[in-house]
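K.L.:
Let me give you the structure first, and then I'll get to my questions.
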Amino acid sequence: MAELERVNHSVRVELLTLRTTGDRVRSVPLPEIGGKGLFTKELEDALRSGRAHFAVHSLKDLPTELPEGLTLACVPVREDPRDVLISRDGKHFAELPRQARVGTSSLRRSAQLKRLRPDLRIKPLRGNLQTRLRKLREGALDAIVLAAAGLHRMELGEQITEYFSSETLCPAVGQGALGIEARADDTKTLELLDALEDPGTRVAVTAERALLQHLGGGCQVPIAASAHRQDDRLALTALVIRPDGSELVQGTELGPAGSGNLEGEAAVRMAEALGRQTAERLLAQGAAAILASLAQQPSPFPAPQSP
């Protein structure tokens with residue numbers, strides 16, 4: 001955390017590297033693994049035991065309900081939340097040939113891609129960023145869809161063929177943002193981390209996470225959301241979609257006038273209310289039926305075959 005050392009010269013951060021369940025089990029699509037906290041449990045265990053003072057998560061992997069005694073200490077400035085396409089031969093999404101093989105590990109991306117281009121073959125893709133890029137280069141896939149933020153942080157932005165607008169491919173809740181988790185009673189660490197807090201990002205992701213919590217979704221459910229300022233209001237766009245892309249419920253709700261200028265606890269409360277309001281609207285418009293049916297459906301990704 002070079003940024004924490006930069007803003008507080010008396011602090012020195014020691015990196016404790018841990019592998020989570022989601023990191024270790026890469027041969028199985030995430031929806032097949034199931035459960036919450038696939039990328040967080042081991043880090044949270046280190047927090048509770050005192051081995052770590054804080055844990056840095058990709059916020060889209062952090063469950064909306066945190067374990068007792070832990071808190072979302074700060075949310076730094078958000079990276080680009082959009083999804084991107086990387087194709088093997090430089091073709092844009094609309095230019096990909098029929099039956100092109102497109103890799104993704106995300107049900108959210110898979111469902112939206114199927115709705116945009118039913119002719120494509122969506123293939124499960126796990127592994128770290130370099131592994132995914134290698135599979136593309138080796139010819140197993142024609143294109144892959146990833147988060148822009150990860151490529152930017154790894155300084156691999158030149159690999160990107162095309163950025164999807166959030167209207168074309170709505171991002172995951174919290175995508176592009178980091179969430180720094182700490183013990184709720186560790187006052188000293190919380191005070192240090194406060195220097196990294198970005199109020200605008202906090203408000204946006206609070207609205208998105210409140211929506212997800214009210215819908216009761218996780219990485220096994222195709223839910224997407226994007227909150228942003230629209231003039232002097234906070235706008236939240238969200239969707240729930242069937243895994244095969246056949247049915248989609250989406251909508252945009254606006255916070256009260258002037259909500260984009262609110263600060264502190266008032267802004268957070270408004271964002272939470274906007275998330276719940278948007279979720280209720282989607283549920284009433286048909287999302288409830290989609291969500292209820294998902295538990296009865298098998299994963300759209302086939303189980304891996306034995307060699």
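Read the figures in this text as sums done on the coordinates, not as results from a lab. As the structure is a prediction and not an experimental result, all values here were calculated from the model. No Cβ is skipped: glycine too gets one built from the backbone with ideal geometry, and neighbour counts run over all protein chains shown.
K.L.:
Take every Cα pair under 8 Å in the range 67-167 that's 6+ residues apart, average their separations, divide by the length, and report that relative contact order as a whole percent.
P.N.:
On the way: 129 pairs, mean separation 45.2, N = 101.
Relative contact order, the range 67-167: 45 percent.
K.L.:
Separate question: How much FRET efficiency would the formula 1/(1 + (r/R0)^6) give for ASP231 and ARG115, where r is the Cβ-Cβ distance and R0 is 35 Å, rounded to 0.05? Don't skip to the answer; put the middle values down first.
P.N.:
Details: r = 30 Å, r/R0 = 0.85.
So the FRET efficiency works out to roughly 0.75.
K.L.:
Still on this model: When the Kirkwood hydrodynamic radius is evaluated over all pairs of different C-alpha atoms of the range 199-297, what value in angstrom, to one decimal, is obtained?
P.N.:
Evaluated on the range 199-297, it is 13.5 Å.
K.L.:
Next question, about the same structure. Can you put MET154, MET270 in order of Cβ neighbours within 10 angstrom, beginning with the fewest?
P.N.:
Ordered by Cβ neighbours within 10 Å, fewest first: MET154, MET270.
K.L.:
Could you pull out every residue, at least 5 positions away or on a different chain, whose amide H is within less than 5 Å of the one on ALA73? Hs are placed 1.01 Å off N in the peptide plane, and Pro or chain starts have none.
P.N.:
It is ILE180, GLU181, ALA182, by chain and number.
K.L.:
Then there is this: For the range 115-237, what D do you get in µm² per second when you plug the Kirkwood radius from alpha-carbon pairs into Stokes-Einstein at 4 °C and 1.567 mPa s?
P.N.:
75 µm²/s
K.L.:
Among LEU178, LEU196, what is the fewest-to-most ranking by other Cβ atoms within 10 Å?
P.N.:
If I rank by nearby Cβ atoms, fewest first, I get LEU196, LEU178.
K.L.:
Please list, ordered by chain and number, the residues whose modelled amide H lies under 5 Å from the amide H of LEU125; skip anything fewer than 5 residues away on the same chain.
P.N.:
Answer set, sorted by chain and number: THR104, SER105.
K.L.:
Please report Rg over Rh for the chain, where both radii come from the alpha carbon positions and Rh follows the Kirkwood definition.
P.N.:
On the way: Rg = 19.4 Å, Rh = 20.3 Å.
A ratio of 0.96.
K.L.:
Right, something else. On a full-extension model of 0.36 nm per residue, what is the gain between GLU191 and ARG134, subtracting their alpha-carbon distance, rounded to one decimal in nm? Don't skip to the answer; put the middle values down first.
P.N.:
On the way: separation 57, 0.36 × 57 = 20.52 nm, distance 4.17 nm.
Contour length minus Cα-Cα distance gives 16.4 nm.
K.L.:
For ILE160 and ALA273, what is the calculated FRET efficiency with R₀ set at 45 Å and r taken between the beta-carbons, to the nearest 0.05?
P.N.:
0.80
K.L.:
For the range 83-163, what does the equivalent ellipsoid look like in terms of its semi-axes, each the square root of 5 times an eigenvalue of the Cα gyration tensor, given largest first in whole Å?
P.N.:
Gyration-tensor ellipsoid for the range 83-163: 18, 13, 12 Å.
K.L.:
Can you give the convex hull volume per residue for the Cα atoms of the range 38-112, as a whole number of Å³?
P.N.:
142 Å³
K.L.:
So the label point goes 7 Å from the Cα of GLN285 along Cα→C-beta, right? Which residues of the range 227-259 then have their backbone N under 11 Å from it?
P.N.:
Under 11 Å, as judged by backbone N against the label point of GLN285, lie 237-240, 248-254 of the range 227-259.
K.L.:
Just rank HIS214, HIS228, HIS92, HIS9, fewest to most, by other beta-carbon atoms within 10 angstrom.
P.N.:
HIS9, HIS92, HIS228, HIS214
K.L.:
For GLU162, what residues show an amide H to amide H distance below 5 Å, using hydrogens built from the backbone and excluding near sequence neighbours?
P.N.:
Here LEU85 satisfy the definition.
K.L.:
List the extent of the Cα atoms of the range 222-270 along each of their three principal axes, largest first, rounded to whole Å.
P.N.:
That gives 40, 19, 12 Å along the principal axes, largest extent first.
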